[in-house]
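Trainee: My questions all concern the structure below.
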Amino acid sequence: MSGHGAPVPMQSSLSSGLKGEAHVPGDKSISHRSLILGALSVGETVVTGLLEGEDVLDTARAMRAMGAKVARDADGVWRVHGVGVGGFAEPGQVIDCGNSGTGVRLIMGAMATSPITATFTGDASLNGRPMARVTDPLALFGARAVGRAGGRLPMTIVGAREPVPVRYVVPVPSAQVKSAVLLAGLNAPGQTVVIEREATRDHTERMLAGFGAEISTEVTEEGRVITLTGQPELTPQTIVVPRDPSSAAFPVCAALITEGSDVLVPNIGLNPTRAGLFTTLREMGADLTYENEREEGGEPVADLRARFSPDMQGIEVPPERAASMIDEYPVLSVVAACATGRTVMRGVKELRVKESDRIDAMAAGLRACGVTVEDGEDWWIVEGMGAGGVPGGATCASHLDHRIAMSFLVLGLASRDPVTVDDGGPIATSFPVFEALMAGLGAEMRRV
Ligand SMILES: O=C(O)C1=C[C@@H](OP(=O)(O)O)[C@@H](O)[C@H](O)C1
Ligand SMILES: C=C(OP(=O)(O)O)C(=O)O
């Protein structure tokens, strides 16, 4: 829901010996998609391990507002009784997607080819993010969008009465745009084709196939060409949501930079379109190992073991890896500050249109903590200060951005003086148990 109440200032301070197991919550991307695809199926989808963060709960409310039955059993199992492709009801109220770009963009796509009208809003962060990247392709299906200047929320989408299928080359590396187009294509007759030049997370494609849609991906010179046949009947599924690699990043990075640490983060999905951070950390010399590697539900999974790594070196992160670790650059910049030498991150313009401008937000806080950062439109460079070298001692602004808040709290664990964030409230959007989980490992972290 929009607004997360009064700010929750939090502080972390120099810690040592983080130990134990970190059971991070379910994957946020897969959780949103489980609810939306469940709502578009005929019958009951059962979901275990759903992330119960505010972003996903907002999507659950939206699916209810559009006619699906979404319920949580006492044991934490979620049941979604779907209305079928094309079966969404017109919501009687404004759909509030809170802080969630994924929620609003995927839901807009899912309703854009149905003869209903819906109005979307969010919090101050979401209402500042660009929506034309989604409404432009939705217009090709015949949907109309009216929003604020610059294609911002609040925004009303009038769904197409007679949708036509679309062939669309995604102009920015974005799984949200790709997914919005595919979900819109579900209720268009014929074949919708989406082409992405750079591979982004492929959960929508995998899950659509799992729900019984006819979908194929071909890798060509043009990029990944995804072809979906419209108007299928989706079959309800039983889904076990894997644990979120983007959440795992925080205890993993905390252990790498905190003296004497040895932390196990079990059952993490290592889909190659999501695992770029872990590859990068290993290239930097992190003591990060994959234990018990296996396959679950068609996805590679492992238990991650991270140990204090005082000898990490800065590297040049390959730009073609950006999409597979896009949400992890903020916490990578924290590890980079604690490594030796410079870490260069290029091809990351998308970081400027997340919950905050993540390059600006991290650069400002890192500089306040005594770290040298250079940045340009689509790149930034962090000068490492070596293990134990970051002064800290600043208050950093989180800009309504969960990942910025968590990243600075991780930094404080390895800085000489405590690091404060002005508002840890947004952490509940993706990682509601962050505080308790970190405390359980022995991190010095508290509300102030
Ligand atoms: O599709 C998804 O679930 C997501 C895609 C990414 O956004 P973009 O598509 O805007 O890159 C990512 O940053 C976000 O956290 C989740
Ligand atoms: C960018 C993120 O999410 P969203 O775009 O869904 O708000 C994120 O979780 O880091």
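Trainee: Return the residues of the stretch 107-125 that are in contact (Cβ under 8 Å) with a residue 60 or more places away in the chain and part of a helix (DSSP H, G or I); say none if nothing qualifies.
Mentor: 107, 108, 109, 110 - these are the residues of the stretch 107-125 that are in contact (Cβ under 8 Å) with a residue 60 or more places away in the chain and part of a helix (DSSP H, G or I).
Trainee: How about the stretch 11-37: which of its residues are buried (at least 24 other Cβ atoms within 10 Å of the Cβ) and more than 16 Å from ligand 1 (Cβ to nearest atom)?
Mentor: Once the filter is applied, which keeps residues that are buried (at least 24 other Cβ atoms within 10 Å of the Cβ) and more than 16 Å from ligand 1 (Cβ to nearest atom), the stretch 11-37 yields 12, 18, 22.
Trainee: Check 94, 80, 46, 70 and return the single one that is under 24 Å from the mean Cα position of the chain (by Cα), more than 13 Å from ligand 2 (Cβ to nearest atom), at pLDDT 95 or above and surrounded by 24 or more Cβ atoms within 10 Å (Cβ to Cβ).
Mentor: 80
Trainee: Please pick out the residue among 57, 40, 138 that is under 30 Å from residue 425 (Cα atoms), at pLDDT 95 or above and not β-branched (Val, Ile, Thr). Reasoning before the result, please.
Mentor: Numbers: 40 fails: under 30 Å from residue 425 (Cα atoms); 138 fails: under 30 Å from residue 425 (Cα atoms).
It is 57.
Trainee: Further, regarding this structure: Being in contact with a Gly (Cβ under 8 Å, 6 or more places away or on another chain), assigned to a loop (DSSP other than H, G, I, E, B) and more than 16 Å from ligand 1 (Cβ to nearest atom) is the filter here; which residues of the stretch 86-106 pass it? It would help to see each step written out before you state the result.
Mentor: Looking only at the stretch 86-106, we keep the residues that are in contact with a Gly (Cβ under 8 Å, 6 or more places away or on another chain), and these are 87-89, 96-100, 104.
Checking which are assigned to a loop (DSSP other than H, G, I, E, B) leaves us with 87-89, 97-100.
Scanning the stretch 86-106 gives 87, 88, 89.
Trainee: When you look at residue 133, is it in a helix (DSSP H, G or I) and either away from ligand 1 (no atom under 16 Å from the Cβ) or small (Gly, Ala, Ser) (or both), yes or no?
Mentor: Details: in a helix (DSSP H, G or I): yes; either away from ligand 1 (no atom under 16 Å from the Cβ) or small (Gly, Ala, Ser) (or both): no.
Against the criterion (in a helix (DSSP H, G or I) and either away from ligand 1 (no atom under 16 Å from the Cβ) or small (Gly, Ala, Ser) (or both)), residue 133 does not qualify.
Trainee: Has the stretch 241-264 got at least one residue that is on the phi < 0 side of the Ramachandran plot, polar (S, T, N, Q) and assigned to a strand (DSSP E or B)? So that I can check it myself, show each step before the final result.
Mentor: Initially, the stretch 241-264 is screened for residues on the phi < 0 side of the Ramachandran plot, giving 241-259, 261-264.
Retained after the next criterion (residues that are polar (S, T, N, Q)): 246-247, 258, 261.
Cutting the leftovers down to assigned to a strand (DSSP E or B) gives us none.
There is no residue in the stretch 241-264 that is on the phi < 0 side of the Ramachandran plot, polar (S, T, N, Q) and assigned to a strand (DSSP E or B).
Trainee: Mind counting the residues in the stretch 374-388 that are out of contact with any Ser or Thr (no Cβ under 8 Å at 6 or more places or on another chain) and assigned to a strand (DSSP E or B)?
Mentor: 4
Trainee: Among (1) touching a Ser or Thr at 6+ places or on another chain (Cβ under 6 Å); (2) surrounded by fewer than 19 Cβ atoms within 10 Å (Cβ to Cβ); (3) not basic (Lys, Arg), where does residue 228 come up short?
Mentor: Every condition holds for residue 228 apart from (2).
Trainee: Also: Determine which member of the set 252, 240, 219 is under 27 Å from residue 52 (Cβ atoms), of a type outside the set (S, T, N, Q) and surrounded by fewer than 17 Cβ atoms within 10 Å (Cβ to Cβ).
Mentor: Selected residue: 240, the only one of 252, 240, 219 that is under 27 Å from residue 52 (Cβ atoms), of a type outside the set (S, T, N, Q) and surrounded by fewer than 17 Cβ atoms within 10 Å (Cβ to Cβ).
Trainee: Sticking with this structure for a sec: Assuming residue 150 fulfils every condition listed in (1) surrounded by 19 or more Cβ atoms within 10 Å (Cβ to Cβ); (2) more than 16 Å from ligand 1 (Cβ to nearest atom) apart from one, which condition is it?
Mentor: (1)
Trainee: Assess whether residue 140 counts as being surrounded by 22 or more Cβ atoms within 10 Å (Cβ to Cβ), at negative phi and hydrophobic (A, V, I, L, M, F, W, C).
Mentor: Taking the combined requirement at face value, the residue does not satisfy it.
Condition check ((1) out of contact with any His (no Cβ under 7 Å at 6 or more places or on another chain); (2) in the same structural domain as residue 441 (by TED's automatic domain parsing); (3) among the charged types (D, E, K, R); (4) part of a loop (DSSP other than H, G, I, E, B)) across all residues:
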| site | (1), (2), (3), (4) |
| --- | --- |
| 34 | yes, no, no, no |
| 38 | yes, no, no, no |
| 47 | yes, no, no, no |
| 51 | yes, no, no, yes |
| 59 | no, no, no, no |
| 64 | yes, no, yes, no |
| 70 | yes, no, no, no |
| 74 | yes, no, no, yes |
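Trainee: Any residue at all in the stretch 413-420 that is within 30 Å of residue 103 (Cα to Cα) and either outside any loop (DSSP other than H, G, I, E, B) or out of contact with any helix residue (DSSP H, G or I) (no Cβ under 6 Å at 6 or more places or on another chain) (or both)?
Mentor: Scanning the stretch 413-420 turns up at least one residue that is within 30 Å of residue 103 (Cα to Cα) and either outside any loop (DSSP other than H, G, I, E, B) or out of contact with any helix residue (DSSP H, G or I) (no Cβ under 6 Å at 6 or more places or on another chain) (or both).
Trainee: If I ask for residues that are within 16 Å of ligand 2 (Cβ to nearest atom) and among the acidic types (Asp, Glu), which ones from the stretch 16-32 would you list?
Mentor: 27
Trainee: Suppose we keep only residues that are buried (at least 22 other Cβ atoms within 10 Å of the Cβ) and among the small types (Gly, Ala, Ser) within the stretch 100-124. Which one would you say is farthest from ligand 2 (Cβ to nearest atom)?
Mentor: Filtering first and then ranking leaves 114.
Trainee: For the stretch 75-88, does any single residue satisfy the condition of being aliphatic (A, V, I, L, M) and farther than 19 Å from residue 111 by Cβ?
Mentor: To start, the set of residues in the stretch 75-88 that are aliphatic (A, V, I, L, M) comprises 77, 80, 83, 85.
This time we only want the ones that are farther than 19 Å from residue 111 by Cβ, so: 77.
Yes, that holds for at least one residue.
Trainee: Starting from residues that are within 16 Å of ligand 2 (Cβ to nearest atom) and among the β-branched types (Val, Ile, Thr), keep the ones in the stretch 349-376 and report whichever is surrounded by the fewest Cβ atoms within 10 Å (Cβ to Cβ).
Mentor: From the stretch 349-376, those within 16 Å of ligand 2 (Cβ to nearest atom) are 349-362; that's our starting set.
Next, from what is left, pick out any that are among the β-branched types (Val, Ile, Thr): 353, 359.
Values: 353: 16, 359: 24.
Among them, the one singled out is 353.
The values are calculated or read from the model by the stated rules, or taken from the named source; none is laboratory data. No experiment lies behind these values; they were computed from the predicted model shown. Using ideal geometry, Cβ is built from the backbone for each residue, glycine included, and neighbour counts are taken over all protein chains shown.
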